[in-house]
Amino acid sequence: MSFSDKILRWYAENKRKLPWRSTIDPYKIWLSEVMLQQTRVAQGLPYYEKFVEAYPTVFDLAKASEEEVLKLWQGLGYYSRARNMHQTAKKVAEEFNGNFPNTYAEIVKLKGIGDYTASAIASICFDEQVPVVDGNVYRVLARYFGVDVPINSNQGIKLFKELAHKVMAKENIRDYNQGIMEFGAIQCSPKKPACLVCPLNESCKALEIGMVNKLPVKLKKTKIKVRHFNYLVVLDDFENTILEQRIGKGIWQNLYQFPLVESDNELTQKMLLKSLPDFLHGVKEISLFNEKPIVHKLSHQHLNTKFWIVNIQEIGPDGISISDLKKYPVPVLISDFIESFNF
DNA sequence: AATACGGGGAA
DNA sequence: TTCCCAGTATT
């Protein structure tokens, strides 16, 4: 039995029941694929359910405001995915009359859709014979064929795509593509793969030469940048506070946060007083919410964060009611604070 | 070719 | 702690 036949058989017997497995609606497959980019099924699943309910069709998503979309995306991370999906939904709804492009070549042109997602949509929805290559596929192929070329090198990306193309099941690309990913997630997992009961264990190169836990090879990790955030939780006597939207480049684009003072090092209250923003007048009292900075860890930066409670006389017209705070899309760092602070 | 972009779960 | 997850866009 061939490699792909064994994958297909394993998948038929072991696949999980997931909501996007019972549809070939390109909108829903697209949504699931984008949500699962760099995201575990368990984490993405509740978001998928919420989105399908809020936006059953691409037209519903296109009609929504970006702020509403970001609010539904809150907590899932990589928010450019939500912004790009929203943008592309408008394009599909308005320019394509709601008809999703139906070839890899057309799909991959869309914003927020790269090689992997285009391959997934084209194969699952339109039965196009293109292999998907995600983190699972890299691992399965690297181990089974004993390939030690780094998966994130230019050479590796090209080599694994070609290898994936060579060994795919052309006659059932739909199940094969989902099957090899599921196989990587469940059977050929990153740590402690179940080689003892693996249907491929008699022909797996990595297992033969004792390289299972060395493959796949991946080039260096990014180094972590440390930043110091001071959030000003401004409160007046009328239950108002201030939020600002993050604009420009960097993390959390278009999400909301309290007014931020960023510094090169940790700030004392005395130091903070010197760098208060200009729009604050009539400051009555400042107190520190958390003595020890909260360290919010992203995959590439550590945000050393202090929340300062700033009482002022009266917030101007740009203030918002505390009762409306939960309506805004905010980073997890901010929503955690809002939950823990007794407004 | 390298880096930025979130958050969480498993070992 | 470290790894890495149904990756993509930008530099």
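Just so you know, all these numbers are worked out from the coordinates, no wet-lab data involved. Owing to the predicted nature of the structure, the values given are computational and were not obtained by experimental measurement. Cβ sites come from the backbone with ideal geometry, for glycine too, and all protein chains shown count toward neighbours.
Does the stretch A:225-340 classify as rounded, prolate or oblate by the C-alpha gyration tensor (a ≥ b ≥ c root eigenvalues; a/c under 1.5 gives rounded; else a/b over b/c gives prolate, otherwise oblate)? Could the numbers behind the result be given before it?
On the way: a/c = 1.68, a/b = 1.22, b/c = 1.38.
Oblate.
Can you list the lysines whose alpha carbon is less than 23 Å from that of A:Lys284, not counting same-chain residues fewer than 8 positions off?
Partners found: A:Lys270, A:Lys274, A:Lys306.
Which GluC sites (Glu not before Pro) in the stretch A:176-215 sit in a loop by DSSP (not H, G, I, E or B) and have at most 15 other Cβ atoms within 10 Å of their own Cβ? The partial results should precede the final answer.
Numbers: sites: A:Glu182, A:Glu202, A:Glu208; in loops: A:Glu202.
Answer by residue number: A:Glu202.
Counting other beta carbons within 10 Å of each residue's own, what order do A:Ser65, A:Ser4 fall into, fewest first? Mind dumping the intermediate values first?
Numbers: A:Ser65 9, A:Ser4 19.
Ordered from fewest to most neighbouring Cβ atoms within 10 Å, A:Ser65, A:Ser4 come out as A:Ser65, A:Ser4.
Semi-axes of the equivalent ellipsoid for chain A, please: Cα gyration tensor eigenvalues, times 5, square-rooted, ordered largest first, whole Å.
Numbers: eigenvalues 413, 125, 51 Å².
So the equivalent ellipsoid measures 45, 25, 16 Å along its semi-axes.
By count of other Cβ within 10 Å, fewest leading, how are A:Lys161, A:Lys220, A:Lys205 ordered?
A:Lys220, A:Lys205, A:Lys161
Scan the stretch A:217-323 for GluC sites (Glu not before Pro) in coil per DSSP, keeping those whose Cβ has at most 16 other Cβ atoms within 10 Å, and list them by number. Each step should come with its number before you reach the end.
Working: sites: A:Glu239, A:Glu244, A:Glu262, A:Glu266, A:Glu285, A:Glu291, A:Glu314; in loops: A:Glu239, A:Glu266, A:Glu291, A:Glu314.
Taking the stretch A:217-323 and a limit of 16 other Cβ atoms within 10 Å, the loop GluC sites (Glu not before Pro) found are A:Glu239, A:Glu266, A:Glu291, A:Glu314.
Report the antiparallel proportion of the DSSP beta bridges in chain A as a percent, rounded to a multiple of 5. Before the final figure, lay out each step's value.
Values: 17 of 28 bridges.
For chain A, the DSSP antiparallel bridge percentage is about 60.
Mind checking which lysines have their C-alpha under 29 Å from A:Lys220, skipping anything on the same chain fewer than 8 residues away?
Candidates past the 8-residue exclusion: A:Lys111, A:Lys158, A:Lys161, A:Lys166, A:Lys191, A:Lys192, A:Lys205, A:Lys249, A:Lys297.
Whole angstrom only: what separates the Cα centroid of the stretch A:1-66 from the Cα centroid of the stretch A:298-316?
Cα centroid to Cα centroid, the span is 36 Å.
Taking the Cβ of each residue in A:Thr39, A:Thr88, A:Thr222 as the centre, tally the other Cβ atoms inside 10 Å and list the residues starting with the fewest. Walk me through the numbers before you get to the answer.
Working: A:Thr39 16, A:Thr88 20, A:Thr222 8.
In order of increasing Cβ crowding within 10 Å: A:Thr222, A:Thr39, A:Thr88.
Hey, got a sec? Which chymotrypsin sites (Phe, Trp or Tyr not before Pro) in the stretch A:32-96 land in a DSSP loop and have at most 11 other Cβ atoms within 10 Å?
Values: sites: A:Tyr47, A:Tyr48, A:Phe51, A:Phe59, A:Trp73, A:Tyr78, A:Tyr79, A:Phe96; in loops: A:Tyr78, A:Tyr79, A:Phe96.
For chymotrypsin sites (Phe, Trp or Tyr not before Pro) across the stretch A:32-96 that sit outside H, G, I, E and B with at most 11 neighbouring Cβ atoms in 10 Å, the list is empty.
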